[in-house]
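Structure first, commentary second.
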Amino acid sequence: MRSRVGRAPDVAAAERDAALRCKLLFVTSEIADFLKVGGLGEVSAGLPRALRRVADARVLLPGYRAVLAANPDMRIVAKLPAVAEIPACEIGEIDTPDGLTMYIVVADGLFDRPGNAYLDEHASPWDDNDVRFARLAMAAVELARGVPALGWQPEVLHLNDWPGALAAGYLDWQKVETPSILTIHNLAYQGLYGRDRLSRLGIPAEAFAMDGVEFHGKISFLKAGIYYASQITTVSATYAKEITTPEFGCGLDGLLRLRSGEGRLTGILNGIDESWNPSADPHLAHPFDSVNWRGKAANAQHLREAFGLAVSRGPLFAVVSRLVHQKGLDLTMAAIESIVRDGGQLVVTGEGEPEVENALRATAARHPQSIAVKIGYEEPTARRIFAGSDFLLMPSRFEPCGLSQMYAQRFGSLPIAHNTGGLGDTIEDGATGFLFSGATPETFAQAIHRAKSVFDRKDQFAAMRRRAMLRPSGWGEAARSYMDVYRRAIGPGLRVAA
Ligand code: ADP
Ligand code: GLC
């Protein structure tokens, strides 16, 4: 940022500068500023902000109850008409205190509901999620076509996961020439709906084909994105390769292989934001950094007390995770007895599948001195767990990128993780964490055992912690790589501010 101390702001220069910036609209169904379900919410808060250094990046987001509640004075700047059975909506505008512009899709009855972005208060998907996210996607396309009242028209749409993906199809069907990028954060969630919904979603009948939105007899939002987007990215280089194989491709590997062969599939590793800094985190009991360690022990003591665990000199393991099949919690359950036998303790937080939640609660009840489980998710608690623990368990079956292992590293907690997707791209085995190949209870137990022996050699343990804490994981490099992808989508005309 330029400093202009003592001078009036040079408005003309600022305008020239703005005109040089590529206008891009980041379309997302979650943002950590207001509501998040997982890592997509974090990425949506971090990446557009990093992109703003070189581009005019703005966000398009549904007007969920939490968004409306946090912005009672939101200005309504445009109205968009109904299309097929997708109801009309208004576009609100919010400028965050740090200057990020968000456009909010306000549609009566679609988003202002209890529950989270995708599920009702009983954790069932809303049965009109197709219309809800088609509304989001259609709004993005209308902005791309140009809404004069907005005074801003994106030159590229950056779509995220299945809730945004249908926009790539609408662009094609409506002959709007704006290019689109689809980022796949998780191929396992595809947005599949019955063929009978084609007309209510405004999808032309001829697009219901293998070369289009059709996937095994259903409409697939995600496939529409993969098929029609100008460029596809995913959130690590390894996952970009994995999803072109039958094992990880969720049935879409053939199309993804094709796109990869065309040079249209790129892996770009996520970053994490600067608030993940243990020397300045207001939630921690004691600050610390890679040189001054004393605070780490104080945080461990605080964590044990807060979770009712016994005083101990043994290793403290942690799980901070959505409690779903992807995250391999059955492997963690299988490891618990031996962790306890070896003098270790475990703190778990997260929420998800009720069976997993109940199994964890029952195990904690059997070992009240050694295992503590807090069902639910509060970020300050998560931060205190990263700060107080020695190791983070992440035996994910697959992991497109994974953010928790990076948070843990910054906070001096070494991840013990399955070597898959972004876990392998962010953890150097024996240097900044521990990796194991082949997700079985045996391979996981061996990795935990290796970690325990490093824990017992204090110098080696301290050296690994230090390396993990110093591992660069900001957003800068990712933002540069995304600009390269936008350039491929838009062509050489892409403008970038100096
Ligand atoms: P994923 O997105 O697959 O859950 P990541 O590791 O990329 O995995 O991101 C997890 C993010 O979600 C982190 O910011 C973590 O702190 C947060 N998180 C974990 N569990 C929950 C939860 N139950 N509710 C909300 N956020 C959660
Ligand atoms: C998804 C993936 C996770 C990734 C996150 C953000 O939720 O499961 O691995 O880190 O998206 O891209």
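The values are calculated or read from the model by the stated rules, or taken from the named source; none is laboratory data. Please read all numbers here as calculations on a predicted model, not as lab measurements. Don't worry about glycine lacking a Cβ; one is built from the backbone with ideal geometry, like all the others, and counts go over all protein chains shown. Calculation scope for accessible area: heavy atoms of the full protein, side chains included, ligands and nucleic acids excluded. Shrake-Rupley method; radii C 1.70, N 1.55, O 1.52, S 1.80 Å.
Values computed for the structure shown
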quantity	calculated
Test result for residue 99, touching a His at 6+ places or on another chain (Cβ under 9 Å) and surrounded by fewer than 24 Cβ atoms within 10 Å (Cβ to Cβ)	no
Residue that is farthest from residue 48 (Cα to Cα) [pool: residues in region 192-203 that are open to solvent by less than 60 Å² (accessible area, probe 1.4 Å) and either in contact with a Gly (Cβ under 9 Å, 6 or more places away or on another chain) or not assigned by TED's automatic domain parsing to the domain that holds residue 244 (or both)]	194
Members of region 29-53 that are within 14 Å of ligand 2 (Cβ to nearest atom) and crowded, with 23+ Cβ neighbours inside 10 Å	29, 30, 31, 39, 40, 43, 44, 46, 47, 48
Residue match in region 222-229 (condition: hydrophobic (A, V, I, L, M, F, W, C), open to solvent by less than 20 Å² (accessible area, probe 1.4 Å) and within 20 Å of residue 486 (Cβ to Cβ))	yes
Criterion (charged (D, E, K, R), at pLDDT 95 or above, within 20 Å of the chain's Cα centre (by Cα) and assigned by TED's automatic domain parsing to the domain that holds residue 219) met by exactly one of 98, 161, 112, 130	161
Verdict on residue 63 being within 16 Å of ligand 2 (Cβ to nearest atom) and either open to solvent by less than 20 Å² (accessible area, probe 1.4 Å) or not hydroxyl-bearing (Ser, Thr, Tyr) (or both)	no
Residue list for region 392-421, filter: in contact (Cβ under 8 Å) with a residue 60 or more places away in the chain and in contact with a Pro (Cβ under 6 Å, 6 or more places away or on another chain)	392, 394, 408, 411, 418, 421
Residue satisfying condition, being open to solvent by less than 10 Å² (accessible area, probe 1.4 Å) and either among the charged types (D, E, K, R) or free of Cβ contacts under 8 Å to residues at least 40 places away in the same chain (or both), within set 113, 145, 135	135
Residues (open to solvent by 40 Å² or more (accessible area, probe 1.4 Å), not aliphatic (A, V, I, L, M) and not in a loop (DSSP other than H, G, I, E, B)) located in region 116-132	125
Subset of region 377-397 that is aromatic (Phe, Trp, Tyr) and surrounded by 24 or more Cβ atoms within 10 Å (Cβ to Cβ) - its residue that is nearest to ligand 2 (Cβ to nearest atom)	386
Residues being part of a loop (DSSP other than H, G, I, E, B), aliphatic (A, V, I, L, M) and open to solvent by 10 Å² or more (accessible area, probe 1.4 Å) - total across region 428-460	1
Cross-chain or 6+ apart pairs with Cβ under 7 Å, region 171-198 first and away from ligand 2 (no atom under 15 Å from the Cβ), then open to solvent by less than 20 Å² (accessible area, probe 1.4 Å) and hydroxyl-bearing (Ser, Thr, Tyr)	171/180; 192/220
Within region 62-78, tally of residues that are free of Cβ contacts under 8 Å to residues at least 60 places away in the same chain and assigned to a strand (DSSP E or B)	2
Helices (runs of 4 or more DSSP H) within region 231-349 that include 1 or more residues without any contact (Cβ under 8 Å) to a residue 24 or more places away in the chain and surrounded by fewer than 22 Cβ atoms within 10 Å (Cβ to Cβ)	253-261, 294-306, 329-341
Residue match in region 384-392 (condition: away from ligand 1 (no atom under 16 Å from the Cβ), part of a helix (DSSP H, G or I) and within 23 Å of residue 340 (Cα to Cα))	no
Test set (1) in a helix (DSSP H, G or I); (2) open to solvent by less than 20 Å² (accessible area, probe 1.4 Å) - residue 152 fails condition number	(1)
Leading residue by the ranking (farthest from ligand 1 (Cβ to nearest atom)) among those in region 351-378 that are among the polar types (S, T, N, Q) and outside any helix (DSSP H, G or I)	369
Residue that is farthest from ligand 1 (Cβ to nearest atom) [pool: residues in region 403-426 that are under 15 Å from residue 238 (Cβ atoms) and open to solvent by 10 Å² or more (accessible area, probe 1.4 Å)]	419
